[in-house]
Amino acid sequence: MTHTVHPYAHRIGILRGWKSRWFSEGDDYKKSLKADVLIREFLEEKLRTFHVSSIEMERGKDQLSIIIKTSRPGLVIGREGEGVTQLKKDLDVFMTRNKIRDKRDVRIDVQEVRSPESNAAIVAQMVREGLERRLPFRRVLKQTIDKVMANRDTKGVRIGLAGRLGGSEMSRKEELKKGRIPLQTLRADIDFAQEVARLPYGVIGVKVWIYRGEIFE
């Protein structure tokens with residue numbers, strides 16, 4: 001039997017690093033892990049329409065740094081930093097309510113994603129937005145794949161949809177692929193992301209694989 005392996009986790013330590021960077025033991029480890037999961041879920045929901053590619057966390061002795069990577073940094077930061085200030089206040093309230101507040105100061109850094117069309121998370125969000133605007137799913141697939149392949153960093157792309165496509169009674173899967181996607185090659189720079197489009201008649205799952213060439217370093 002074959003085993004489906006997450007393309008990101010498969011390459012940790014080879015091409016990829018961890019998205020949470022800290023060290024802890026015993027009960028502190030459990031608390032930190034729970035805090036990371038809850039904070040990430042809260043921010044992903046809060047910034048759902050801001051094309052966020054990843055949320056990374058670093059814990060030091062006195063500080064918790066949250067690094068938000070997005071293709072729309074201006075919208076997240078807001079005018080004169082109002083957006084980040086409000087986000088920090090909301091996060092403080094959320095952490096206190098869920099009892100995951102500790103003595104560390106929370107710092108939010110916003111970084112820009114230079115090439116959004118070669119980032120799987122942002123492409124998955126583009127597909128999700130198209131589906132939620134009730135556009136025909138085949139048109140969304142084709143337009144997105146053409147847009148991604150027009151980017152010079154991209155060597156191949158594959159997008160899969162699953163659910164009640166077109167509002168049909170029975171759920172099914174549709175997939176479109178262009179270029180190469182060598183999933184078994186560890187040095188292949190494969191970016192992968194999953195999203196969920198929420199529609200009146202149910203949810204549609206979106207999966208995106210993007211191949212950006214091989215890394216020999």
Report summary line: Relative contact order of the chain (C-alpha contacts under 8 Å, at least 6 apart) in percent is 18 percent
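Roll a 1.4 angstrom probe over the protein heavy atoms and tell me the percent of accessible area of the stretch 1-83 that is carbon or sulfur. Don't skip to the answer; put the middle values down first.
Working: 2850 of 5340 Å².
Heavy-atom surface of the stretch 1-83 belonging to carbon and sulfur, 1.4 Å probe: 53 percent.
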Requested in this report: Name the most mobile residue of Gly156, Gly179, Gly26, meaning the one with the largest mean-square fluctuation, in a Gaussian network model of the chain with Cα contacts below 10 Å.
Outcome: Gly26
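How high is the relative contact order of the stretch 45-144, given as a whole-number percent (alpha carbon pairs under 8 Å, six or more residues apart)? Provide the component values of the computation, followed by the final result.
Numbers: 119 pairs, mean separation 30.0, N = 100.
This gives 30 percent for the stretch 45-144.
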Query raised in the report: Of the peptides 60-66, 12-18, how do they stack up when ordered by the mean number of other Cβ atoms within 10 Å, highest first?
Result: 60-66, 12-18
Query raised in the report: Can you work out the FRET efficiency for the pair Arg48 and Arg172, with r the C-beta to C-beta distance and R0 = 25 Å, to the nearest 0.05?
Result: 0.45
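Would you mind checking Lys46/Lys147; Lys19/Lys99; Lys34/Lys61; Lys31/Lys89; Lys31/Lys155 for any pair whose Cα atoms are more than 29 angstrom apart?
Values: Lys46/Lys147 27 Å; Lys19/Lys99 22 Å; Lys34/Lys61 18 Å; Lys31/Lys89 21 Å; Lys31/Lys155 41 Å.
Long pairs (Cα-Cα over 29 Å): Lys31/Lys155.
Any number yet on Rg/Rh for the stretch 69-136, C-alpha, Kirkwood? Working shown, then result.
Details: Rg = 15.7 Å, Rh = 14.4 Å.
That ratio equals 1.09.
Counting alpha carbon pairs within less than 8 Å and at least 6 residues apart, what relative contact order, in whole percent, applies to the stretch 112-217? Before the final figure, lay out the partial values.
Details: 207 pairs, mean separation 33.9, N = 106.
Once normalised by length, the contact order is 32 percent.
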Query raised in the report: What lysines sit close enough to Lys173 to cross-link, taking a C-alpha to C-alpha distance under 18 Å and skipping anything fewer than 8 places away on the same chain?
Result: Lys142, Lys207
Requested in this report: Have a look at the DSSP beta bridges in the chain and tell me what percent are antiparallel, nearest 5.
Outcome: 75 percent
Query - Amide proton proximity set for Lys155, modelled H, under 5 Å, gap of 5+ - result: Tyr211, Arg212, Gly213
**Report entry** Interchain or long-range residues, amide H under 5 Å from Leu64's placed H
**Finding:** Asp105, Val106, Arg107
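The values are calculated or read from the model by the stated rules, or taken from the named source; none is laboratory data. Predicted, not measured: the structure shown is a model, and the values here were computed from it. Counting neighbours? That spans all protein chains shown, and the Cβs are built from the backbone with ideal geometry, glycine included. Note: areas computed on protein heavy atoms with side chains; ligands, DNA, RNA excluded. Shrake-Rupley method; radii C 1.70, N 1.55, O 1.52, S 1.80 Å.
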